[in-house]
Each structure stands twice: as C-alpha cells, then as structure tokens.
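Okay, structure first, notes after.
The values are calculated or read from the model by the stated rules, or taken from the named source; none is laboratory data. The shown structure was predicted, so the numbers you read here are calculated from the model rather than taken from an experiment. All Cβ positions, glycine included, derive from the backbone under ideal geometry; neighbour counts span all protein chains shown. Keep in mind that these areas ignore ligands, DNA and RNA; they rest on the heavy atoms of the full protein, side chains included. Shrake-Rupley method; radii C 1.70, N 1.55, O 1.52, S 1.80 Å.
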Amino acid sequence: MEFLTQLGIKEENYGASTGLNWLKTKDQGAIEVFSPVDGKFIAKVYQASEKDYDDVVAKAHEAFKYWRTVPAPKRGEVVRQIGNKLREYKHPLGMLVSYEMGKSLQEGMGEVQEMIDICDFAVGISRQLYGFTMMSERENHRMYDQYHPLGVVGIITAFNFPVAVWAWNSALATVCGDSNLWKPSSKTPLCAIAVQNILADIIKENNLPEGLFSLIIGKGSTVGEKFLHDKKVPLVSITGSTAVGKRAAGIIAQRFGKTILELGGNNAIIMTPNADLQLAIPAVVFGSVGTAGQRCTTTRRLIVHEEIYDKVKESLLKAYKSLKIGDPLDQNNHVGPLIDKGAVEEFKHALKQVEQEGGKIIFGGDVLSGSGYESGCYVKPSIVEAKNKFKIVQEETFAPILYLIKYNGDVQNAIDIQNDVVQGLSSSIFTNNIRESEAFLSHWGSDCGIANVNIGTSGAEIGGAFGGEKETGGGRESGSDAWKQYMRRQTNTINFGTKLPLAQGIKFEI
C-alpha cells in the first residue's frame, strides 16, 4: 500500500529507536500486525530487549540535559516544525491509523489533526510558562515561583488513539524542556514507527540531540517493567485500563515518580424532559458508535426521563437501523471493526451477562460475517434496556453497547445515577432548562473531569484539560494548564536587604 511506503513502514521493522538510529535486535520475538479492517497481514515488528531499553533511556537522559538549556520559545519552534511536518503527512498517517486500528478514515484524519492542533497550542505555551510573584512578609524580600523541566517523560499509549495521545503529551513535554520516551500499544505499533520516521527529518534539520524523541516497543514483562521501575523516568503518562493503571501507579509511587493516568470511562448522557432531541439524538449515536465504541469518552449509558423515554427509544432505534457498518476506509460507512477478535469476545460476553442480570437487548449484538467482514472483527452496535446497578453496567466494556436507563423525578435523581459508578471521565446533559444545566455543573452535580451541556461525551477539544476523576485516574493532558505536570515547581525567595530576619523571630548572638 502506498501510504505504508510513504511512512517508511517496511515488511520487517525494529522496535527501538533513539530518534535517528534504530536498534536492530531480533531475538526478542516479533509482533505480527494484522488489520482489523480486512484481516490481512501488514508488517512485522521486532520487539526491543532490556539492553535496548537501557540504551534508549541513556540517550533520552543525555538529550534532556541539553534540551533543558534551550530557551523555551526555541523549543516551541521545533514543535511548530513538527506540526507542519504532520500537515505534510496527514493523509498517509490518517490512512495508517484507520487501517491498523480500524477507526473510520474521517476519524483517522481527525486524529492526525489533533496532533497538529496540540503542536500549535504548545507553540503558544512555549512563551507562557508562567510563575507567580507573591508578597513577602519580610522587608526587602521578594518571592516568586517558577517551573523547571522535569526530565525524561515516559508516554504509554493505548490502541484506540495510537498517535494523538502521544502528541498531547509530547508536544507539551517538549516545550517544557523534557525529552520523550514512547511505549505504544502492541496492537498498533506501526503508527508509532511511522511517527518516529516523520520526526527523524525534524531531528536532522535542527541538529537535535539523539534521544529527544525515543521509541520502545517490547514485552510488558521485560521492557514494560523496566519502564515502571526506572528512576531516570520521573514522569510516566499512562493511557489504558483501570487495572493496568492501578498496578503501574503503585510501582511508580514506590520510587516517588509522578504519573498522569487516563484510565477507564463509563460515560453517561442525561436527557431531561427539556432536552432538544434534534441535538441530543445525533450526539448519542455518534458518542456510542463512533470508533466502534472504543473511545475512553464513548457514551455507554443514556439516562432518560420517563416522560420522554419511549420517544427517545424510538428515535434511537430508527437511527441505529440506518447505520452502515463496513470498511472504515470507505467514507460512506459509519462503523468500522473492533480492534481484534478478543474485543469481539468481550462484546459478546457483556451482552450475555446483561441478559442474565435482567437486561433486554432491543437492537444489535450480532457478530457480522460474510463478504466485507472477513476479519471477524465487525459487530452490530447494540442498545440494551438496563439498570445502572447491574454489575456489567458498572464496568467499562470497550465496544459499541449503549445501556438505556430510565429515571423519574427531578434532575438530581439522574445526576445521582450518573455518578453511581467508579469511573469519572466524561458526562453530558441535554436540557434547555438553565436550572437543570447549572445543577449538573454545580459542586453537587457531575463528578466527572469533563461535564458538557447540550453536547455529547466524546470529541473533546485540545484547548481544554482532558482527564477524569475516581478510577479514571485524576490526570490531565492536552490544554489549559496541563503543561505544569511536565515540570517541577520551585518557590524562590530573594533577600536584597542588609538584614536576615529569621522565622518565628529567632535570634542568634554573633
């Protein structure tokens, strides 16, 4: 395929890079990558060894020691060039994202656009790494705080956003003066290799240090464990399941490392009797079936007031019947495949369990076969009437299953249902009643990191901080002041007088 050639993807690829050089280890086994779109073999990636990891981290650490001395606006200039280079490669990289991961071509292109957008954002941030000045209680003293580069930033990404999440972290980390070490999902390693190839031109053109942008693809039991225990990596940003995040955070905390955790989501939309259904229904459908339900912000629960429940159900059934499922590279299709057959089994298991708990499948749930579905990864998105207390509803199933939940009474009842899960990423309410919307956004409203009014749970903009609470992890990436996590904070006091007043009025005879 032409886009593979354009991105430098070969039939056999290596799994460790310092930015300019690929470490050519072959004895750790290989990942064979098959597309969920058509089931065809794409390429092979040789996994890195523990020695490769040590070599890559050493280069990344040396690169940091130089990079922190470069003025932040000049660091921003490099990120600006990365954004422009991504513009050049937007089409082939978007194609690869769609083909390797299975999301629609529009979403694949949109993901690369997110990379471009965060580069633009980070360029501005490079001139705004602000501290604050405070008033000292001591005469002839000045106090302020400032932010310093942190070190090597580890970035562990998931398969569902194989390039954008790396960019959310690396663009900010780079302008903050850090070096980057990326460990991508073993389900989508080719996207990471392609990005590393794109970065090579920027590294050469700017004579950047080897190790500023590094990549490691390897086994979790070897390379992954070293990553988590390594004191040379002071911050690790992890996107993945809650179970993975819990274990990783515990290990990193033992060495007093920092984490940014973007873990599970169990996102809900509330629809009150005052909802505009012309706005709400498209948001629900896109939120629940976009990326085949494999977004951390996917709409998984729809909490609908009993007054409009039947009307909403009828509208959803009509919309779901019109969905086109098939090759995501065909822009006429709405829903592509799940990432692999393991995800299909989880989809089937969740539907079986919800029925056992008393739920009712009112649409979909089939695994599709035949022409166009040869990979075995295509399913028909499902709508299930359920209760929030069901065990399976309390969990996050990474598949297109929408749980339809009825509520009565006032909006606080719906908010209580929404909050009654362990995850806390994204949430939404559809209402034209300002009292309802303000209650939703109040201190006693949504307990999620993202709370929207008259817009769905997915499709967050890079300008806002992205992340959630509770078992979602509490981390923040992307916009607002998320850049502070990639730096160390320092408080400074300067005495420009001739006296040294001591704390608590203590005096020494000299």
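Mind checking the full-extension length gain between K26 and E395? Use 0.36 nm per residue of separation minus the Cα-Cα distance, one decimal, nm. Can you show the working numbers first?
Working: separation 369, 0.36 × 369 = 132.84 nm, distance 3.88 nm.
Contour length minus the Cα-Cα distance gives 129.0 nm.
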Work out the charge dipole of the chain with +1 on the Cβ of Lys and Arg and -1 on the Cβ of Asp and Glu about the Cα centre, then indicate which of N432, I415, A200 is farthest towards its positive end.
A200
Taking the radius of gyration and the Kirkwood hydrodynamic radius from Cα positions alone, what is the Rg/Rh ratio for segment 398-507, to two decimal places?
1.24
Give me the one-decimal nm value for the distance between modelled label points at V453 and Q490, 7 Å along each residue's Cα-to-Cβ direction.
4.3 nm
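If a/c stays under 1.5 just call it rounded; otherwise compare a/b with b/c (prolate if a/b is bigger, oblate if not). Do that for segment 14-124, with a ≥ b ≥ c from the square roots of the Cα gyration tensor eigenvalues.
Judged from the Cα gyration tensor, segment 14-124 comes out oblate (a/c at least 1.5, b/c at or above a/b).
Starting from the eigenvalues of the Cα gyration tensor, five times each then square-rooted, give me the equivalent ellipsoid semi-axes of segment 78-192, largest first, whole Å.
On the way: eigenvalues 266, 43, 21 Å².
Semi-axes (√(5λ), whole Å): 36, 15, 10.
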Restricting to bridges with both residues inside the chain, how much of the DSSP beta-bridge set is antiparallel, in percent to the nearest 5?
40 percent
Based on the alpha-carbon gyration tensor of segment 273-322 and its eigenvalue square roots a ≥ b ≥ c, which shape applies: rounded if a/c is under 1.5, prolate if not and a/b is larger than b/c, or oblate?
prolate
Largest first, how would R127, R247, R142, R301 line up by accessible area (1.4 Å probe)?
R127, R247, R142, R301
Rounded to whole angstroms and listed largest first, the alpha-carbon spread of the chain along its three principal axes comes to 84, 59, 37
Q356-D410 pseudo-label distance in nm [points 7 Å out on the Cα-to-Cβ vector]:
4.0 nm
Just from its helices, what would the mean residue ellipticity at 222 nm be for the chain, if runs of 4 or more DSSP H residues each count -39500 (n - 2.57) and the sum is divided by every residue, rounded to the nearest 500 deg cm²/dmol?
-11000 deg cm²/dmol
What is the calculated FRET efficiency for F132 to E346, with r their C-beta to C-beta distance and R₀ = 56 Å, to the nearest 0.05?
0.75
Which whole-angstrom value gives the distance between the alpha carbon centres of segment 86-165 and segment 176-239?
15 Å
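Grab the Cα-Cα distance for E205 and W444, subtract it from 0.36 nm times how many residues apart they are, and report the gain in nm with one decimal. It would help to have the intermediate numbers written out before the result.
On the way: separation 239, 0.36 × 239 = 86.04 nm, distance 5.26 nm.
Value of the extension gain: 80.8 nm.
Using just the alpha carbons, could you tell me how many Å³ per residue the convex hull of segment 126-248 encloses?
Values: hull volume 19.6 nm³, N = 123.
About 160 Å³ per residue, rounded to a whole number.
Sorted by mean Cβ packing within 10 Å, highest first, what order do the peptides 423-432, 402-411 take? Please list the in-between numbers first.
Working: 423-432: 26.3, 402-411: 19.3.
Taking the mean over residues of other Cβ atoms within 10 Å, the ranking is 423-432, 402-411.
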How far apart, in nanometres, would the label points at S241 and E2 be if each is projected 7 angstrom from Cα along the Cα-to-Cβ direction?
4.0 nm
So which lysines pass the test for K499, namely a Cα distance under 25 Å, with those fewer than 8 places away in the same chain ruled out?
K507
Where the centre of each part is set by its Cα atoms, how far does segment 475-510 sit from segment 1-24, in angstrom?
46 Å
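Quick one: of K219/K380; K341/K389; K26/K226; K26/K232; K226/K389, which pairs are farther than 31 Å apart, Cα to Cα? Don't skip to the answer; put the middle values down first.
Numbers: K219/K380 33 Å; K341/K389 28 Å; K26/K226 19 Å; K26/K232 26 Å; K226/K389 39 Å.
Over 31 Å apart, Cα to Cα: K219/K380; K226/K389.
Considering only protein heavy atoms and a 1.4 Å probe, what is the carbon-and-sulfur percentage of the accessible area of segment 7-51?
Accessible surface attributable to carbon and sulfur in segment 7-51 totals 45 percent.
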Can you give the accessible area per residue of segment 13-111, in Å², using a 1.4 Å probe?
40 Å²
